[in-house]
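The values are calculated or read from the model by the stated rules, or taken from the named source; none is laboratory data. Quantities reported herein were computed from a predicted structural model and do not represent experimental measurements. Please note: Cβ atoms are built from the backbone with ideal geometry, for glycine as well, and neighbour counts cover all protein chains shown.
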Amino acid sequence: MIPRSSSTKPVRYRLLYGAASLLIVGGASLLAIDLYTQQAQGKQAEQLKQQLASIHTTQTTYQSPPIVDSNPGQGAITGETSPASTPPSINWNSLLAINKEIVGWLHIDGTSVEYPVVQHKDNEYYLHKDAAGHESIYGSIFMDYRVDLNQQQRNTIIYGHNMIDGSMFGSLQNYKNKDFFLANRDILLETIDKKTSWEIFSVYTIDASKDTVDISYDNAQTFRQAIDQYRQKSLFQAPVIPQKEDEILTLVTCSNETDDTRLVLHAVKKREP
């Protein structure tokens, strides 16, 4: 019989310790790589935001139509033109040159939301692509693929990631605070052919594993019933009450409670004076 070496057990332990050390080092390395990737893509996302913001508006100079006095001879000069004006307008050509799927621009008062809105043929693509089409964990602010901007929409839905640095839709978490909710309820959504203003009237969370977000309604009555439900579920009550003939805008992002929790905000389109 060959005697067993007394060093077998220590060797086994050394192997186990070595393997454990490799796992720890490997895990730390992956964590470092992941952190580096997040920081790099975060910087990339911020740079893209600044680039898009810098071209998002231009100053369009124009000459207003001649002033025609309905009662000549009273000191007015018929046919006189007013001074040049420079109202801001979105530079759509420059934005579309970056990405032809840019369909709008979203601004929310009191938040860091100042982004182009993109739209693809599905709701997956822009979860991992920025507004220029590059891979990014930050994704984009994107419109539900079922929304047709060429048609009147009862509910226009826009999604965005809840980023820990507050970018994208991260700052929407502030709407869980009553004072913030009541003080910052104005939204501006601009598309190629129109500019619309909206007022937030509801904020609440849902469980994405069993709850869905409505995009269409059978008729005006079911729409009004849905509005009542949105208001009842809201964490806080707003003074504005949407009517059955109104249109609403819905913003959806992840919430911090669980992996399946989503934060939902509803805003009603302001009527033109």
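Points to keep in mind about this one:
- Conditions (1) within 17 Å of the chain's Cα centre (by Cα); (2) of a type in the set (A, V, I, L, M, F, W, C); (3) part of a helix (DSSP H, G or I): number failed by I215: (3)
- Residues of segment 228-245 that are of a type outside the set (S, T, N, Q) and without any contact (Cβ under 8 Å) to a residue 24 or more places away in the chain: D228, P239.
- In the set (1) over 22 Å from S167 (Cα atoms); (2) among the aromatic types (F, W, Y); (3) touching a Lys or Arg at 6+ places or on another chain (Cβ under 8 Å); (4) at pLDDT 95 or above, Y217 fails one condition alone, (4).
- Among the residues of segment 172-202, those that are touching a residue at least 12 places away in the same chain (Cβ under 8 Å), assigned to a strand (DSSP E or B) and not aliphatic (A, V, I, L, M) comprise D186, E190, T191, T196, S197, W198, E199, F201, S202.
- Every condition in (1) farther than 25 Å from S94 by Cβ; (2) surrounded by 17 or more Cβ atoms within 10 Å (Cβ to Cβ); (3) hydrophobic (A, V, I, L, M, F, W, C) holds for I187 except the one numbered (1).
- Test: residue in segment 234-250 that is exposed (fewer than 13 other Cβ atoms within 10 Å of the Cβ) and part of a strand (DSSP E or B): no
- For segment 233-273, the tally of residues that are basic (K, R) and more than 18 Å from E190 (Cβ to Cβ) stands at 3.
- Just one of (1) farther than 16 Å from H107 by Cα; (2) touching a Pro at 6+ places or on another chain (Cβ under 6 Å) fails for L182. It is (2).
- Of residues in segment 95-127 being small (G, A, S) and either surrounded by 15 or more Cβ atoms within 10 Å (Cβ to Cβ) or assigned to a loop (DSSP other than H, G, I, E, B) (or both), the one modelled with the lowest pLDDT: S112
- Residue list for segment 251-273, restricted to those being surrounded by fewer than 20 Cβ atoms within 10 Å (Cβ to Cβ), of a type in the set (S, T, N, Q) and not in a loop (DSSP other than H, G, I, E, B): T261
- Qualifying residue in segment 174-182 (condition: modelled with pLDDT under 95 and either among the hydrophobic types (A, V, I, L, M, F, W, C) or more than 26 Å from D122 (Cβ to Cβ) (or both)): no
- Count of segment 246-263 residues which are out of contact with any helix residue (DSSP H, G or I) (no Cβ under 8 Å at 6 or more places or on another chain) and among the hydrophobic types (A, V, I, L, M, F, W, C): 3
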